[in-house]
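The values are calculated or read from the model by the stated rules, or taken from the named source; none is laboratory data. On a predicted model such as this, the values are computed, not experimentally measured, just so you know. Using ideal geometry, Cβ is built from the backbone for each residue, glycine included, and neighbour counts are taken over all protein chains shown. SASA here: full protein model, heavy atoms, side chains in, ligands and nucleic acids out. Shrake-Rupley method; radii C 1.70, N 1.55, O 1.52, S 1.80 Å.
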Amino acid sequence: METTFRVPALAAAFAAFLQIGPAQAVDPYKDLKVEQRAVVDRIPSTPTTASAPAGAPKMSTKLNRADGNYRPGESVTLTVETDRDSYVWVFDTGTSGRVHQLFPNRYAKDNFVRAGKPMILPAADAKYQFVASEPVGPELLTVIASPNKASLTDDLIDRKTGAGAFLALQGTGASLSKDIGITLKRDHPKAVVQHQVLRIVK
């Protein structure tokens with residue numbers, strides 16, 4: 001049985017600002033809703049420079065559409081690659097502020113990724129899909145990679161709310177980002193974070 005996650009917009013944001021012309025830069029997060037912006041502010045993307053945590057993996061994330069724009073019904077895939085063996089989590093924060101853990105999920109529980117081996121989500125043989133759906137607008141993906149396997153969300157899962165293959169989390173983007181930020185500092189000091197903003201367009 002296939003389970004489909006219909007995202008109003010899974011993410012095409014970049015850890016750095018996009019360059020428009022020779023000297024102009026735009027904020028890729030400028031049209032995020034308040035709850036989505038809180039996630040970006042409280043769990044910022046990890047710098048790719050020497051200021052990243054010592055011993056932390058380097059991570060790259062890429063959507064299957066370079067511009068991050070999807071029409072309703074189009075399939076979304078995310079490729080994650082790290083330079084060290086790592087454990088990966090992917091969260092989606094919608095415009096309502098609700099957060100779902102897209103990976104690991106009920107069908108794909110193993111979130112280990114080998115160094116230098118790209119992981120494509122969903123895999124070709126996965127029993128779940130990411131499909132863009134209305135309403136139009138932005139969706140925020142937060143990708144976290146850590147050399148530590150310790151769970152990020154066991155105490156945050158909303159076990160009363162069904163979300164198919166995916167895990168609904170208790171609270172909103174603002175409250176959850178605070179809780180996850182605390183867990184990252186305590187249990188995952190070498191974790192790295194990237195945000196992607198995907199936009200559903202007509």
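Any residue in the stretch 80-99 that is under 14 Å from L121 (Cα atoms) and modelled with pLDDT of 95 or more sitting within a Cβ distance under 6 Å of a residue that is of a type in the set (A, V, I, L, M, F, W, C) and assigned to a loop (DSSP other than H, G, I, E, B)? List the pairs, counting only those 6 or more apart or interchain.
W89/L152
Of the numbered conditions (1) within 19 Å of I200 (Cβ to Cβ); (2) in a strand (DSSP E or B), S96 satisfies every one except a single condition; which is it?
With (1) within 19 Å of I200 (Cβ to Cβ); (2) in a strand (DSSP E or B) applied to S96, the lone miss is (2).
Name the single residue, out of those in the stretch 24-60 being in contact with a Lys or Arg (Cβ under 8 Å, 6 or more places away or on another chain) and farther than 25 Å from T172 by Cα, that is surrounded by the fewest Cβ atoms within 10 Å (Cβ to Cβ).
A54
Can you tell which of I144, I200, I120 is more than 18 Å from V40 (Cα to Cα) and under 14 Å from the mean Cα position of the chain (by Cα)?
From the options I144, I200, I120, the qualifying one is I120.
Listed here are the residues, each with its yes/no results for (1) in contact with a strand residue (DSSP E or B) (Cβ under 7 Å, 6 or more places away or on another chain); (2) open to solvent by less than 30 Å² (accessible area, probe 1.4 Å); (3) in a loop (DSSP other than H, G, I, E, B).
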residue: T79; (1), (2), (3): yes, no, no
residue: R84; (1), (2), (3): no, no, yes
residue: H100; (1), (2), (3): yes, no, no
residue: Y107; (1), (2), (3): yes, no, yes
residue: A115; (1), (2), (3): yes, no, yes
residue: D125; (1), (2), (3): no, no, yes
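Can you tell me how many residues within the stretch 174-197 are within 22 Å of N111 (Cα to Cα), in contact (Cβ under 8 Å) with a residue 60 or more places away in the chain and under 18 Å from the mean Cα position of the chain (by Cα)?
Going through the stretch 174-197 one residue at a time, the tally reaches 13.
Which of the residues belonging to the stretch 61-77 are in a strand (DSSP E or B) and open to solvent by less than 60 Å² (accessible area, probe 1.4 Å)?
T61, L63, N69, Y70
Select from the stretch 134-149 the residues that are assigned to a loop (DSSP other than H, G, I, E, B) and closer than 18 Å to Q36 by Cα and write down the one among them that is modelled with the highest pLDDT.
Among those residues, the one meeting the criterion is V136.
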